[in-house]
Structure formats: structure tokens, C-alpha cells
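Enquirer: The structure follows.
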Amino acid sequence: WLGVNIFLFTYYFLFFDRNEQYFYTREILGSALAWARASAKCLNFNSMLILLPVCRNLLSFLRGTCSCCRRTLRKQLDHNLAFHKLVAYALALFTAVHTIAHLFNLERYNRSQQATDGSLAAVVSKLHLQGSKWLNPIHSNHTTPEYVAFTTIPGLTGVIITLALILMVTSSTEFIRRNYFEVFWYTHHLFIIYFAGLVIHGIAGLVRGQTPESMREAHPQHCAHGSTLPGMLQAWHLPASPALRSCLSPQSWKWVLAPVLLYIFERILRVWRARQKVVVTKVVMHPSRVLELQLQKKGFRMEVGQYIFVNCPAVSLLEWHPFTLTSAPEEDFFSIHIRAAGDWTESVIDAFQQQKAEMPRIEVDGPFGTASEDVFQYEVAMLVGAGIGVTPFASILKSIWYKFQQADQALKTKKIYFYWLCRDTGAFAWFNDLLASLEQKMAESGKADFLTYRLFLTGWDTSIANNAALNFDTVTDTVTGLRHKTIFGRPMWNTEFAAVATAHPRSVVGVFLCGPEALAKSLRRSCHQHSSLDPRKVQFYFNKENF
């Protein structure tokens, strides 16, 4: 993406640095003109793209219903938020370049206005004395660059746009999003001010050049070949010449109109869906302060691994938070699990725990597609969940349970490896029933080897370890009550991947993660290391949940 922007910037830099329509403007501004205009074009280009990765309905449509959307393209769609961040970084970079270039431009405008040396820059800066046409926006020796920056439309909107962008970028850091999500949520809506300011920014035409008409009457090459400076100026100041006007008509709206309209349609659709009635059919409070909500909504259809946005008006009218669906498509309800991890989730859990005649109202927007939808496209799947990150795999495992019950012959997946990493024993509790049911059902159907799961306890004390050691020979695990023993510590991923590669030497293995970025890096590296160079042999494809 950096390469695309560098190419675009270089192209427009050379264009504005050599285009003869800006010959006289360059006499005043020098190379700062090309820096300002090239960065402005890159800003328009990135502003056109910044909204597309967050048009979630569009992405879900491309992922789920477009026939040309194959695995490779779907994997790219899973990087929508990473692309959104890259575009945002490009916006921040080119905003800095654009701002610095225009600070130089204002200083050079001011210097040319005050110059009395008879230079071409000084003379064309006085064009406003000949009539209503002007090239230099500073018309008085008493006007300062600061005055232009804060009183003109381009200057004022530029300041507002820059401040809005600074607030959005700084509040989007990982620390802010994890610990102060409300700050991130509210400041990100400054994008409305950003786009409004962007469209208005170029209306006044602060940077001007020759019109095509004046190019025919007073071409710079013709003027430049005049024998004397007065000859050049006489050619420039033709009595009937239309002289100069802004030939840089506002361009930003042309770049952003289509994506803004698309995003407005997206928001209208989401608001309409969110207003549809949602019925809370069951509320379950699990250990480790995890709240399960079972919901029903007319016309709601989902696939495994999808997620929804949830709003609780009793807590906040404006805040919407993403939650992975933990139910299966075969069930007549959809469910989410909410872990206490901030002010909003704490408030929602408290609201449902209170014994009131009427439960808090819930609004739902979605569902939206994720990487986990593709799990049944692989012969072998490795599912890795960390903490509450197990939720998308709850949906997958439930769906498998139903497929076994219905003897679904279309199931392409032949083997699933499931890894769950938790810090405390209480986190295992709400998922135990599902795993126990799966164990029993697969044993009854003669497919006990279909699912291999490993539970890793990454945080424990001496008493837990001693108890596990004393009861090591028991049939069931002392921590979870399941047949598979809990492993104390973290997985040795090289060992796990090597075992899977040995067991399935000619299979395509899908690796799915819902967890932190550090774990993602480790799994991505293992996928690369253990994929065979021979495309006919084992290949690991990494997929990560992004909200």
C-alpha cells in the first residue's frame, strides 16, 4: 500500500512541477506547490477508500453471496480492518506533508506580496491591482500567514480537518480501544466533520493557475522568450485577457461522493435492521462473570462464526459492541456470551442480573461474515481460541453436533483439532457441557476421532497443580470433568503443527484463530514453516477473526 501511494504521489508531483498552467504559481511558491498538490491528490485517493473496509454489509455480500468470491479473495476481505488502518496511516502522513507544504506556501505568498525587487513573482503577486483576478491570495503587506490560515475557508477547514484526524488516530491505539472503548467509539464519529471539511476545503481556490483561455493568449513559453521583462509582462497583461482564475476547481467531492453515499446507505440499512424487535428468551449467568443471552428476531439468519453488533439502550443509546454468535444455524434462537471487560459490559451484566419485572431491551445489527465461515471448506481444521475468543468455535462445534445428528453427508470436513487457552479454571465451565455432548454424540456415531481437543490452563496455583497430579489416573479430568486432560502451560505449536502435518500429509488445513495478535504471529509463522513447498502436499492456511 505504501508503494501505491508513493507511485501516486510521484506522478502528481511531477505533473504539478512541470505543468505550464502553474508556471507563474511556481514562480511564487517553488517546489512547495508540487508537494502540496501531490499530497492533496493522495489525500483524496485515501479518503475515497477509508470507508469501504467498514461497510460490513458490502463485505458480507461479497463474502457470502458473490459467486466470483473465491477463497483467495475472501481471505483478503478478512483483512478489512488492517487495510482500514493502513489507509488511515496514509491519511495521517499526507495530511502532515500537505500542511507543512502549505505553511511554506503561505510564507512565500507573503514574501512575494511584500517584494519590491521587480521579480516575476513580485509582479504577478500584484495582479489583483489590475482587477478582480488574482494569483496571490495575500493582497496586503499587513496580512500575515496566520491570518490567512484562520480566516479563509481553506485555512479554517484545514485546521478543523487536521484536528479531527489527530483525535481519531490517537484514540484508535490498541491501549485506548481495549481500556477506553467509549473514547474510541465517540471520537471516531468525527469522520463526519472530516468529510464535510474535506468537501468544503477547496471551494475558495486558494492555489490558482492559468485558465486554458489565458494559456492561448499568454502562454508561459511565449512570455519566457520575450527579450525583456517588460515584454514578458506586456504579454501577460493583455487588455482583453481573462488573466487568471482558479483552474483548480474543487475536486475532493468527486473522489468521495460514491463511497460516502454507499456508507450512508449502509448506515440506513443498519439502523433499520437495528430497530426490529429482539426478544430475550433466556438469560444464563456463567462462572467468571460471563453472561449468556439467547435471543430471537424475526427473519434473522446466520452462518457459523458470524458476529453481530449489540446495543443496550438502558446502558447507552449510542454504543454498539461486536459479539460473536455462539449458537448454531440449526437452532431456533441465536446467542452471545458477554464477558465483563469494561464499563459497558459490566453495566449490561449488572442490568440483567437485577431482578426486575421487565428485562433491559436489546437491539441487534447483523449478522456479519468472518473468516470462520469458511471452516467447513477445509478437510482438516485447527481451531484456536484464547479465553472468551472460543465463542466463534462454540457455534462451529454446535453446528457439527447437529450435522452428526442429522447424518449430514455433505460435510466436507473430516477432522477438527480444537485448542482452547484459558487463564483460570472458571472460564472452562460454560463450555464444558457442549464438549461433553460432542464427546458422547461422536462416540455413539462411531466417529470418536473426528474431534481432538486440547485445553490449556495458562494460569494456575500450586493447589490446582497438586490436585491434578494426585488424580492423574482418573478417567475424567479434575479441572473440567472431561475425558481429555487439561494441560498446564502453553501449547508447543511446532509440535502440534508437525503432528497434524504427519497425520494429514496431503490435506489442506485451515487454521482459525480468535485471540490476541501475539498468538496470531506465532500461528502465522507455524503455518508458513510447516506448509510443504509441493502444492500437492500439506498446506496450512491461516485465518483470524477481525471485528
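The values are calculated or read from the model by the stated rules, or taken from the named source; none is laboratory data. Everything numeric in this text was worked out from a predicted model, so none of it was measured. For neighbour counting, all protein chains shown are included, and Cβ atoms are generated from backbone atoms with ideal geometry for every residue, glycine included. Heads up: the accessible areas ignore ligands, DNA and RNA and are worked out on the full protein's heavy atoms, side chains in. Shrake-Rupley method; radii C 1.70, N 1.55, O 1.52, S 1.80 Å.
Enquirer: Multiply the residue gap between residue 114 and residue 180 by 0.36 nm, knock off their C-alpha separation, and tell me the result in nm, one decimal place.
Expert: The span from residue 114 to residue 180 would gain 18.7 nm if fully extended.
Enquirer: Could you order peptides 11-18, 25-32 by the average number of other Cβ atoms within 10 Å of their residues, highest first?
Expert: Order by mean packing, descending: 25-32, 11-18.
Enquirer: Another question, then. On the accessible surface of the stretch 276-368, probed at 1.4 Å, how many percent belong to carbon and sulfur atoms?
Expert: 48
Enquirer: With a Förster radius of 25 Å, plug the Cβ-Cβ distance of residue 343 and residue 261 into 1/(1 + (r/R0)^6) and report the FRET value to the nearest 0.05. Write down the numbers at each step before the final one.
Expert: On the way: r = 35 Å, r/R0 = 1.39.
Computed FRET efficiency for residue 343 and residue 261: 0.10.
Enquirer: Using 0.36 nm times the number of residues separating residue 494 and residue 4, minus their current alpha carbon distance, what extension gain do you get?
Expert: Values: separation 490, 0.36 × 490 = 176.40 nm, distance 3.60 nm.
Length difference between fully extended and current span is 172.8 nm.
Enquirer: Classify the stretch 359-428: rounded, prolate or oblate, from the alpha-carbon gyration tensor (a ≥ b ≥ c, eigenvalue square roots; a/c under 1.5 rounded; otherwise prolate if a/b is larger than b/c)?
Expert: Because a/c hits 1.5 or more and a/b fails to exceed b/c, the stretch 359-428 counts as oblate.
Enquirer: Next question. So, in Å, what gap is there between the alpha-carbon centers of the stretch 258-314 and the stretch 489-544?
Expert: What the calculation gives is 33 Å, centre to centre.
Enquirer: Taking K and R as +1 and D and E as -1, what net charge do the other residues with C-beta under 14 Å from the C-beta of residue 184 add up to?
Expert: -1
Enquirer: Now for a different question. Considering only the other residues whose Cβ falls under 13 Å of the Cβ of residue 31, what net charge follows from Lys and Arg at +1 and Asp and Glu at -1?
Expert: +2
Enquirer: What length, rounded to one decimal in nm, is gained on full extension from residue 268 through to residue 296, with 0.36 nm per residue of separation minus their alpha-carbon distance?
Expert: 7.9 nm
Enquirer: Here is a follow-up. Could you list the residues of the stretch 273-309 with an amide nitrogen less than 14 Å from a label point located 7 Å from the Cα of residue 359 in the Cα-to-C-beta direction?
Expert: Under 14 Å, as judged by backbone N against the label point of residue 359, lie 278-286, 291-297 of the stretch 273-309.
Enquirer: Using only alpha carbon pairs under 8 Å that are at least six residues apart, calculate the relative contact order of the stretch 276-368 and give it in whole percent.
Expert: Dividing the mean separation by the residue count of the stretch 276-368 yields 33 percent.
Enquirer: Here's something else I'd like to know. For the pair residue 89 and residue 285, how long in nm is the line joining their label points, each one 7 Å along Cα→Cβ?
Expert: 4.4
Enquirer: Could you check the spin-label model distance between residue 536 and residue 142? Points 7 Å from the Cα along Cα→Cβ, value in nm.
Expert: 8.7
Enquirer: OK, next. Take the Cβ-Cβ distance between residue 332 and residue 275 as r, set R0 to 25 Å, and report the resulting FRET efficiency rounded to the nearest 0.05. Present the calculation step by step, with values, prior to reporting the outcome.
Expert: Details: r = 22 Å, r/R0 = 0.90.
Approximately 0.65, to the nearest 0.05.
Enquirer: If you don't mind, there's one more thing I want to ask. Kindly rank 366-377, 506-517, 51-62, 525-536 from highest to lowest mean number of other beta carbons found within 10 Å of each residue.
Expert: 366-377, 506-517, 51-62, 525-536
Enquirer: Where only protein heavy atoms count, and the probe is 1.4 Å, what is the accessible area per residue for the stretch 276-368 in Å²?
Expert: Accessible surface, normalised per residue, equals 46 Å².
Enquirer: Just the number, please: carbon plus sulfur as a percent of the accessible area of the stretch 150-189, 1.4 Å probe, no ligands or DNA/RNA counted.
Expert: 76
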